[in-house]
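The values are calculated or read from the model by the stated rules, or taken from the named source; none is laboratory data. Only a predicted model underlies this, so the values are computations on that prediction, with no experimental measurement involved. Cβ coordinates were reconstructed from backbone atoms using ideal geometry, including for glycine residues, and neighbour counts include every protein chain displayed. Heavy atoms of the whole protein, side chains included, go into the accessibility calculation; ligands, DNA and RNA do not. Shrake-Rupley method; radii C 1.70, N 1.55, O 1.52, S 1.80 Å.
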Amino acid sequence: MSEVIKVSNLYKKYGTVVALHNVNLKIKKGEIVGICGPNGSGKSTFLRILSGIVKPTTGYVEILGGVAGRKARKHIAYVSENDIYYKWMKIGELLSFLRSFYPSFDYEKAKMLLEDEGLDLNKKVGELSKGYRQRLKVIMAISNSPEVILLDEPFSGIDMLSRERILNILKEFLIGAERTALISSHFVEGIEEIFSRVIFFKEGNVVLDEDCEAMREKYGKSVKSMYFEVFGGLS
């Protein structure tokens, strides 16, 4: 598999706070990578730099053969933990807006997925629960058929049903499709099944980087068990 992301000596500092310490990683096409670690470990900063939203202090990021930034964003979807859509906008209006903004946006696919999830096109974004807003963001992201999708804490603070529904949407989109995904989470139970690889961040450092199957054979432990061993159950 070819490499779609190359990170060299990535360092990010906010004032006096160091968010990332000289991170070096390579991600191959088709990998589904769990970016795991406690809150404040550098996961979100890492994904924001890959998306081109945040610039590194020093270091280099190559994604899809070019420097992370505006050009690469055409082929990347970034799903933030924060709400990004106007709350006053109806779901149907948002759908039409994204179709006009992104030439590759699959309107019919998005509409079908929204209907499958029980999202009424006449309902305003601000009227949705957090679980439904997360489903909405994921659906809109995958409907642009990105080569790389970056998801920042997509399962945080939502109910079990929404978590399961989002997981199923991602499985349908990713499994067997040679698409690359990086999924940031400090919650691994129930979602580690889709990871092909896990990278643990702690205080801005990569402290573990393992293929999931190889890790299970090597240590005889699940991702969840390794998480508790590395982080002491704290998140």
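Summary table below
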| quantity | calculated |
| --- | --- |
| Restricting the stretch 46-73 to residues that are small (Gly, Ala, Ser), modelled with pLDDT of 70 or more and surrounded by fewer than 21 Cβ atoms within 10 Å (Cβ to Cβ), the residue that is nearest to Asn24 (Cα to Cα) | Gly59 |
| Neighbours by Cβ (under 6 Å, 6+ apart or cross-chain): first from the stretch 88-99, closer than 11 Å to Lys123 by Cα; second assigned to a helix (DSSP H, G or I) and not acidic (Asp, Glu) | Met89/Val125 |
| Segments classed as strands (runs of 3 or more DSSP E), wholly inside the stretch 107-223, with at least 2 members that are touching a strand residue (DSSP E or B) at 6+ places or on another chain (Cβ under 6 Å) and open to solvent by less than 10 Å² (accessible area, probe 1.4 Å) | 148-152, 180-185, 197-202 |
